Each structure stands twice: as C-alpha cells, then as structure tokens.
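The values are calculated or read from the model by the stated rules, or taken from the named source; none is laboratory data. Keep in mind that this is a model prediction, so the values were computed, not measured. Methodologically, a virtual Cβ is constructed for each residue, glycine included, from the backbone with ideal geometry; neighbour enumeration extends over all protein chains shown.
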Amino acid sequence: MQRKFRWSWLGAIALAAAPTAAAAQDTSTQSHTVREGDTLWGLARQYRGDPFLWPDLYRMNTSVVEDPHWIYPGEVLHLSGSEAVASVPAQDTPAPFADSASAPAAQADQPQAVADQPPAPVADEAAESPVTGTEASEPTPASLASLTKVDPDAEQSAPLFGRRSGNTMQETLAAYNNQPYRARRRSEFYSSGFLTERQKLPFGEVLGPITPPQIRAMARNTNAMPNSVIAIAPPKGASYQVGDSLLLVQIGREIDNHGEVVLPSGIAQVIDTAAGKYLASVIAVYGPIRGGQRVLPLEKFGDAGSAKATPVADGVRARLLGGSGRQDLKAPQMVVFLDKGRNDGVSPGDLFEIRRQPGRLSDGAIRIDEVMATLQVVHVRERTATARLLNVMSPDIAPGNEARQVAKLP
C-alpha cells in the first residue's frame, strides 16, 4: 500500500536538503540497477547531489542507454565514484576546447519518466560484464557527421536517418540515362493520332464506363480509368472478338482537304459480351475516356529496335499542316502533321527539319534560310504523316513552312 504524506513548509525544506544527503551516502556506489520509476534526473540527484548533472550519467552509459529520455528496469548503469560536481561552477567558464570532440556534451531537457516496458537489449557485451574497481572511461558522444558517415570497410547497414537522398537522386538519373535507345516508341505511335484523309473508317462507339460490369449501369459523363470496364458498340454489320485490342479516339478539327484529326484517348481490350454489347478493359489512357467517343481496331506497331537513322542528301520536301489544335508550335513533343505520306516515300522514324524560307520582308529586313525545328515521324498514312517536335530553335513556326527529310531509318 502506498503511503500518503501531508506536506508542510517544514517538509518542503527537508525535501530540498534530501539530494545532498543522498549524494553523501551514495558517492562510493559504482553501479545502479534501474528500478521502475527511475530517471536519469533522479539518479543524478541521488548519486551526484545535483539533478542537472544527469548528462554525465548518460555519457557514461551510452552503451546501455540509447535514448536518455527512456531507461528500463533491469538495466545496470555505471556510476562515477569521484566527488560530485555542482551544476553551477564556482569559476568562470573556461575557453572553448580546441578539439570539438573533447568538449562536454550540451545539457538537455529533463528526461521523461521510465516506461513500463520490458528491458531494452544491451548495446554490447562489455555492458553486461561485471564492473571492475577502476573507473569506466566516458565515451565521446557521436556527432551528426559520424552518424551519417558510411565506412566502406564496415558492414553496410541501414542509415540512422533513412536512405540518403544523394543515392536516390543518382539512382534516378542512372535509370533515366541508361534507358535503351529506341528509334520508334510504341506509346508515341498510338497516342499521337493522325488525319482521316477523308476516308470512311470503321468507327465503333464507346457507350460509357461500367461499374459494376452491367450494361444498364452506364454513365456516359464519367471518365474511365485504367483497368476499368467500358461498354462498346461495334460498327454496323461488324463484330469484335474477345481479345481484340481497340483504339479509343475522339474526332478533332478538320485540316484543309486532308480530313479530320483523330485524337487517341486510350486503348482497350475486349473481354466479354453482354446483352448484345461488348465489354472491354482499359489498358492505356492518353486522355479523357467518355461515352460517345469512337473506337477503331488497333493498328500493328512495327518496332525498329535500336536502328539509327542515316542521313539522306535529297529527301522528301513536305509542308507543315499544323498541330492537332490551334495553339502555337513552341514546345518539344508537340504533335504536328505533314502533307506527305507513304505514297511519297515517308516512313515512321524519318527525321525532318522545318526551315525558314529566305527572302526580303516588307520592312527591308532579309530573312535567311535556317533551321527552326527538328521533328520525327511517328505515324504514316497514304498522303499524310504525323510527327513529334524534337527540338525547337525558333518558336514562330506557322503552318505552311517547309519540312525537309534529312534522315531515314534503314
């Protein structure tokens, strides 16, 4: 049963004098076994006569105490048998140490009370050995640099403060720079789009996303996400097979007499049929996928591997038709269309240069023949080609500029 005391002003005076008496009777003690309720603050007051000297006890027991705010029952702490030192020195503070490693540890706030937990594991075997008659040497506190430093000869372990950001950045750059070269890329082939060339294409229709996969649960205004299921209607008189891959597109603006722009929004694969309609799983997303969009059979992609384009002396000369929208052509990777295609000798992977036409302007200035941008063909039809800008040297690129073929894939 716990004893209850009623304190008076006389008892308070006695309590203030208690640490000095306790220190006087325990100065010869060499070790202390932690009991429930102990703190470094209280042990410093008991054995050293001053609770503010608790950092000394912590420095002598860093092999046992990992965190000075938490000590556990059963831990054996080494104590100094030397005469207690007051927390407020009688002399002025000496000059700073020349070696920062020999400077005393900074005092910290009062540690929290001991937790009611099982004893923590001892850091090394030396802490478990009996205490000898000689005084234990106080280890030098580790600095922040030593905690994060990695010894190449030592066994590698997880850093104290987590994975170093420097290594993460190096790994990211290495993964980016070490990608294998591809003359043509599948994602660019399917996502760039093309012109219809006024041909009648076998368009199906996206009826809408299905959640759960029931035809009656269609929501035409909802965007489909990857791996979601959509309902599809085939062209009139046509049908799909389970496993067929389909290109989901929306129809854009019309460019001169070359037809409308077909803008891909994703790729889906037929997985089932229900109520006379087809269900397809979305496997790639290039834009919003909604009900009312069109569906086309997916073209076969011809991978050119790591082949390099070879220069050509007198290549095809095409005219720039513009982009999929009406925005200015200023940034790399923007999609543009050319008025020459497969019938004119243009192939996927060909490199073109957009050049400025030389001449004299109305204000008397002379315009010279220079490269404005370079581009690569990613999709080819009979009379038109789709390309992506690689480099832009001059942002004032307007439809009608000449594009010259400068290299072809073998």
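Do we find that residue 321 is more than 23 Å from residue 252 (Cβ to Cβ), buried (at least 16 other Cβ atoms within 10 Å of the Cβ) and modelled with pLDDT of 85 or more in this structure? Spelling it out, it is not the case that residue 321 is more than 23 Å from residue 252 (Cβ to Cβ), buried (at least 16 other Cβ atoms within 10 Å of the Cβ) and modelled with pLDDT of 85 or more.
When the residues of segment 254-286 are filtered to those that are outside any strand (DSSP E or B) and surrounded by 16 or more Cβ atoms within 10 Å (Cβ to Cβ), which remaining residue is nearest to the chain's Cα centre (by Cα)? The qualifying residue nearest to the chain's Cα centre (by Cα) is 286.
Restricting attention to segment 239-253, does a residue exist that is surrounded by fewer than 20 Cβ atoms within 10 Å (Cβ to Cβ), out of contact with any strand residue (DSSP E or B) (no Cβ under 6 Å at 6 or more places or on another chain) and aliphatic (A, V, I, L, M)? No, the conditions are met nowhere in segment 239-253.
Touching a Phe, Trp or Tyr at 6+ places or on another chain (Cβ under 6 Å), closer than 30 Å to residue 343 by Cβ and surrounded by 12 or more Cβ atoms within 10 Å (Cβ to Cβ), is that true of residue 306? No. Considering segment 362-406, the residues that are assigned to a loop (DSSP other than H, G, I, E, B) and modelled with pLDDT of 95 or more include one that is surrounded by the fewest Cβ atoms within 10 Å (Cβ to Cβ), namely 382.
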